[in-house]
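See below for the structure under consideration.
The values are calculated or read from the model by the stated rules, or taken from the named source; none is laboratory data. As the structure is a prediction and not an experimental result, all values here were calculated from the model. Because the Cβ atoms are built from the backbone with ideal geometry, glycine has one as well, and the counts that use them run over all protein chains shown. Areas reflect the complete protein model, heavy atoms only, side chains present, ligands, DNA and RNA absent. Shrake-Rupley method; radii C 1.70, N 1.55, O 1.52, S 1.80 Å.
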Amino acid sequence: MPNILTKNQIEKMKDAGKIVSLCHHSLRDYIKPGITTNAINQFVEKIMIANHSTPEQKGYMGYPYATCTSVNDEICHAFPSDYVVKNGDLLKVDFVVNLNGWLADSAWCYGIGNLAPKTKLLMDTTKECLCLGISQAKVGNRIGDIGAIIQKHAESKGFSVVREYTGHGISRVIHDGLIVPHVGKAGRGQRIKEGMVFTIEPMINEGHYLSKLADDGWTAKTKDGSLSAQFEHTIAITKQGNEIITRQGDECTK
Ligand code: MF3
Ligand code: CO
């Protein structure tokens, strides 16, 4: 069952969202070739703590870190490590801020140094998929409208959409009821209602959409070893449309 939140509750999530946004904003300058994913994880955790919030992912179902730092063919949920990011890498940094019990979740994809043209196209297409998905998240539409537009756009560029991991309702818990697939048929699924808060987080692969789980029990990788990109926002459905509560700047406007 989707959770319907009050304006007041959504305001609290927006405050958590501002800290998520600050973390990602700060990462733009911090991430460069030569840095380890451990350092990136610590950098984010420190910003959360300095802003009186906590990393919700740490300890969530046994997940050990504040962030997920997934590189290249890692789709999502990879552990920070002593891996040194290098020129040409595609790094996805994902985390959830808890501020006074209310959560906000966003993953962002960072291209390290100079990207190969196809890598850049994958990254740009994935961001477009997120924005297109968000454009469909409004009262009167259905959840299937979001996945349909994402799938159409990704496949039009020759890429594929990961099926095993989806967007989700979020509130005081990371996964709150609603499931938001990134593939699907327009006009299908639950009706979108004012007060719903959920993530849209397309994971788009250069090759096949199938994934495999690594031995650590967490890291999802593409089965064929191809690159994967991801962008994620938490959004709240309003009367007019939606509000991106993890907004960093002017993304998904125009
Ligand atoms: N931020 C993650 C997502 O969007 C949710 C928690 S993942 C975990 O899927 F690694 F913490 F478990
Ligand atoms: Co996330």
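Below are the figures for this structure:
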read-out: Per-region count, the stretch 16-49, residues assigned to a helix (DSSP H, G or I), more than 18 Å from the chain's Cα centre (by Cα) and touching a residue at least 40 places away in the same chain (Cβ under 8 Å); value: 1
read-out: Members of the stretch 32-57 found to be open to solvent by 20 Å² or more (accessible area, probe 1.4 Å), touching a Pro at 6+ places or on another chain (Cβ under 7 Å) and not charged (D, E, K, R), listed by number; value: Asn38
read-out: Output for the stretch 120-145, where each listed residue is within 14 Å of Phe231 (Cβ to Cβ) and buried (at least 17 other Cβ atoms within 10 Å of the Cβ); value: Leu122, Met123, Thr125, Thr126, Lys127, Glu128, Cys129, Leu130, Cys131, Leu132, Gly133, Ile134
read-out: Residue match in the stretch 135-148 (condition: modelled with pLDDT of 95 or more, in contact with a Ser or Thr (Cβ under 7 Å, 6 or more places away or on another chain) and more than 15 Å from ligand 2 (Cβ to nearest atom)); value: no
read-out: Number of the condition not met by Ala16 [criteria: (1) away from ligand 1 (no atom under 12 Å from the Cβ); (2) surrounded by fewer than 23 Cβ atoms within 10 Å (Cβ to Cβ); (3) among the small types (Gly, Ala, Ser)]; value: (2)
read-out: Pair list, Cβ under 7 Å, 6 or more apart: the stretch 178-192 residue over 13 Å from Ile149 (Cα atoms), other residue in a loop (DSSP other than H, G, I, E, B) and at pLDDT 95 or above; value: Ile179/Thr166; Ile192/Ala137; Ile192/Lys138; Ile192/Val139; Ile192/Asn141
read-out: Filtered residues of the stretch 176-225 (kept if away from ligand 1 (no atom under 14 Å from the Cβ) and either of a type in the set (Asp, Glu) or open to solvent by less than 20 Å² (accessible area, probe 1.4 Å) (or both)); value: Ile192, Glu194, Gly195, Met196, Ile204, Asn205, Glu206, Asp215, Thr222, Asp224
read-out: Residue among Asp29, Asp94, Asp89, Asp82 that is crowded, with 19+ Cβ neighbours inside 10 Å and farther than 18 Å from Thr199 by Cβ; value: Asp89
read-out: Selected residue (only one of Ala39, Ala78 is within 16 Å of Ile112 (Cβ to Cβ), within 16 Å of ligand 2 (Cβ to nearest atom) and among the aliphatic types (A, V, I, L, M)); value: Ala78
read-out: Lys86 among the charged types (D, E, K, R) and closer than 23 Å to Glu251 by Cα; value: no
read-out: Filtered residues of the stretch 158-167 (kept if within 13 Å of ligand 2 (Cβ to nearest atom) and either at positive phi or open to solvent by less than 10 Å² (accessible area, probe 1.4 Å) (or both)); value: Gly167
read-out: Test: residue in the stretch 226-247 that is of a type in the set (Phe, Trp, Tyr) and open to solvent by 50 Å² or more (accessible area, probe 1.4 Å); value: no
read-out: The stretch 97-129, subset in a loop (DSSP other than H, G, I, E, B) and either within 27 Å of Ile19 (Cβ to Cβ) or among the charged types (D, E, K, R) (or both), residue farthest from the chain's Cα centre (by Cα); value: Asn100
read-out: Of all residues in the stretch 58-75 being surrounded by fewer than 22 Cβ atoms within 10 Å (Cβ to Cβ) and within 15 Å of ligand 2 (Cβ to nearest atom), the one that is farthest from the chain's Cα centre (by Cα); value: Met61
